[in-house]
Amino acid sequence: MIIAQISDTHVSQNSADRTRRLEDFERTIDDINALEEQPDVIVHTGDIAHDGLPDEYAAAQAILAKASSPVFVLAGNRDNRKNLQQAFSSSGYFKANSEFIEYAINDFPIKLIMLDTLSSHSNKGDFCQKRAETLKQMVKAESAKPVVVFAHHPPFEAMECPDPFQFETQESMLRMRDALKAIDGLRAVFCGHVHRFDKGEVAGILATAMPSTATVLRKGIYPEGMQLRPVYQLHRFDPVLGFISETRIVEEKQPLRHHGLLQ
């Protein structure tokens, strides 16, 4: 199974660089569509929109609708749950107006679990006891499958970041880690949020955070020729070796197609 991961597109209605963000997003989807071996799914690990506005989600939805593979989304700290739900709940994989955007996909050889780490108080993550219980219930269904978990905030010490802890409290991060450790078939945890590549572990299982798709917000040092080229992750699952991840560099810049969005 092949999973393409994108994250932190930060589609914006009001930012001066809003066209660049849309272009990075669209070019990334175009590049994924052009892969010789198509991914089974594309997962967006949050911060789809920058201000959580309906028009921002409409623009993101229009770009994601061009994807050749099924797309699944989750909420980041910049997202507005209500507006995200209204934009994407018609896809049927999560319910509109639910308290959290959290769900499991059981249609593939690997169970995909999407967690909600959005806090209502800050940009840092939260993982309450209610979410921990929901994760436990999601794991129980079709429990024989290997499991991969996606979340916006990385539940590990992100050593490449000025602030390595991305949760409001150590207690909430440890609660999430404990809930993940209880998953017998856990094979990987893939996250976003920190806008750069970083990695850690949960009970000896690889956990990573990927750079932002929006190049204007991407952190870290990139060669001059890379600065305008978005990157995304391809995660290939092998039953014996587990996940083998690859950072894909989007092809050289092509002229932006006319969106008619957020102009």
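The values are calculated or read from the model by the stated rules, or taken from the named source; none is laboratory data. What you see is a predicted model; the values in this text were computed from it and never measured. Because the Cβ atoms are built from the backbone with ideal geometry, glycine has one as well, and the counts that use them run over all protein chains shown.
Brief remarks on what is shown
- Test: residue in segment 51-60 that is in contact (Cβ under 8 Å) with a residue 24 or more places away in the chain, touching a helix residue (DSSP H, G or I) at 6+ places or on another chain (Cβ under 7 Å) and within 18 Å of I3 (Cα to Cα): no
- Residue list for segment 223-248, restricted to those being buried (at least 16 other Cβ atoms within 10 Å of the Cβ) and part of a loop (DSSP other than H, G, I, E, B): L228, R229, P230
- When A75, A59, A87, A67 are screened for being within 19 Å of D8 (Cβ to Cβ), crowded, with 16+ Cβ neighbours inside 10 Å, small (G, A, S) and under 14 Å from the mean Cα position of the chain (by Cα), only A75 passes.
- Tabulated pairs, segment 127-155, first touching a residue at least 60 places away in the same chain (Cβ under 8 Å), second part of a helix (DSSP H, G or I) and surrounded by 22 or more Cβ atoms within 10 Å (Cβ to Cβ), C-beta under 8 angstrom, 6+ apart or interchain: A151/M176
- Qualifying residue in segment 162-180 (condition: within 16 Å of the chain's Cα centre (by Cα), at pLDDT 95 or above and closer than 26 Å to D40 by Cβ): no
- Flag: S68 does not match the condition of being at pLDDT below 95 and polar (S, T, N, Q).
- Looking only at segment 175-211, residues that are assigned to a loop (DSSP other than H, G, I, E, B) and either in contact with a helix residue (DSSP H, G or I) (Cβ under 9 Å, 6 or more places away or on another chain) or under 16 Å from M159 (Cα atoms) (or both) come to 13 in all.
- Search result, residues across segment 30-60 that are under 21 Å from S89 (Cβ atoms), not in a loop (DSSP other than H, G, I, E, B) and not small (G, A, S): V41, I42, V43, H44, P54, D55, E56, Y57
- When residues of segment 192-249 are limited to those that are small (G, A, S) and in contact with a Gly (Cβ under 8 Å, 6 or more places away or on another chain), the one farthest from K111 (Cα to Cα): S212
- Which listed residue is touching a strand residue (DSSP E or B) at 6+ places or on another chain (Cβ under 9 Å), among the polar types (S, T, N, Q) and free of Cβ contacts under 8 Å to residues at least 60 places away in the same chain, from N80, N33, N14: N80
- Scope segment 139-161; condition outside any loop (DSSP other than H, G, I, E, B) and modelled with pLDDT of 95 or more; matching residues: V147, V148, V149, F150
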